Amino acid sequence: DGGITQSPKYLFRKEGQNVTLSCEQNLNHDAMYWYRQDPGQGLRLIYYSQIVNDFQKGDIAEGYSVSREKKESFPLTVTSAQKNPTAFYLCASRLDRADYGYTFGSGTRLTVV
Amino acid sequence: DAKTTQPTSMDCAEGRAANLPCNHSTISGNEYVYWYRQIHSQGPQYIIHGLKNNETNEMASLIITEDRKSSTLILPHATLRDTAVYYCIVKGRNTDKLIFGTGTRLQVFP
């Protein structure tokens, strides 16, 4: 079945370490997105990519980096510059700009200790 | 910033209709109203969207007022599995970003 796979589901890291969250989709979607969700809050956009080798900052990009070397993959690196990295991270994709339905992954819960 | 206003929480008895309101008084002519829901610790799920006409699919109905400043999502026969946070989002069809507010937490009780 087609879908978005985020791994791992839970991730623990020590403060000051960089960590990379995986997001893979086999839907042949052009656009991919990363969101962050804090407890009791809505989702906030970190980065998004419309095509391979191109991406744009969202509303809270500071302390994060991404790459889009392949259409199906959009990894997110949480760097040591991110002051409060503990959160629930969600990856999404959609076919193109005319597509109304975003498909979301099941998320990665990152805890920094 | 989110361009919608929703109640923080609502309750609904199982089997009854759940009516979730949303205000979007600053919506522009080319912007659609989208509804997503998020069950605890999962990714959001698309429900329905509309521009100005009422819409219905297998999951829900969307009623948009004539002036388009507000809408209501209707789950006709709520079940316990409909307990979730429901997000009302306004977005242009060809814009890139889906901006989420804090949504409405719907609790369906037996």
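The values are calculated or read from the model by the stated rules, or taken from the named source; none is laboratory data. These numbers were taken from a predicted model, which means no experiment stands behind them. Glycine also receives a Cβ, built like all others from the backbone with ideal geometry; neighbour counts cover every protein chain displayed.
Please count how many residues of region A:77-96 are in a strand (DSSP E or B) and under 15 Å from A:GLN50 (Cα atoms).
The total comes to 4.
How many residues, within region A:37-51, are in a loop (DSSP other than H, G, I, E, B) and surrounded by fewer than 16 Cβ atoms within 10 Å (Cβ to Cβ)?
Of the residues in that region, 4 qualify.
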Original post:
Considering only region A:26-55, how many residues are modelled with pLDDT of 90 or more and among the small types (Gly, Ala, Ser)?
Top reply: 2
Subject >> Test: residue in region B:5-28 that is within 10 Å of the chain's Cα centre (by Cα), in a loop (DSSP other than H, G, I, E, B), touching a residue at least 24 places away in the same chain (Cβ under 8 Å) and surrounded by 14 or more Cβ atoms within 10 Å (Cβ to Cβ) >> reply: yes
Original post:
Among all residue pairs at least 6 apart or on different chains, which show Cβ distances below 9 Å where the first residue, located in region B:42-63, is over 24 Å from A:THR5 (Cβ atoms) and within 11 Å of chain A (Cβ to nearest Cβ) and the second is modelled with pLDDT of 90 or more and assigned to a loop (DSSP other than H, G, I, E, B)?
Top reply: B:ILE48/B:ASN57; B:ILE48/B:MET59; B:ILE48/B:ALA60; B:LEU51/B:ARG68
Subject >> Condition broken by A:LEU90, with the remaining ones in (1) crowded, with 22+ Cβ neighbours inside 10 Å; (2) more than 11 Å from every other protein chain (Cβ to nearest Cβ) satisfied >> reply: (2)
Subject >> Residue pairs meeting the criteria (Cβ under 6 Å; at least 6 apart or on separate chains; first in contact (Cβ under 8 Å) with a residue 24 or more places away in the chain and over 13 Å from B:TYR36 (Cα atoms), in region B:73-94; second surrounded by 13 or more Cβ atoms within 10 Å (Cβ to Cβ) and small (Gly, Ala, Ser)) >> reply: B:ALA78/B:ALA18
Original post:
Of these, A:VAL66, A:VAL113, A:VAL78, which one is farther than 20 Å from A:GLN41 by Cα and in contact (Cβ under 8 Å) with a residue 60 or more places away in the chain?
Top reply: A:VAL113
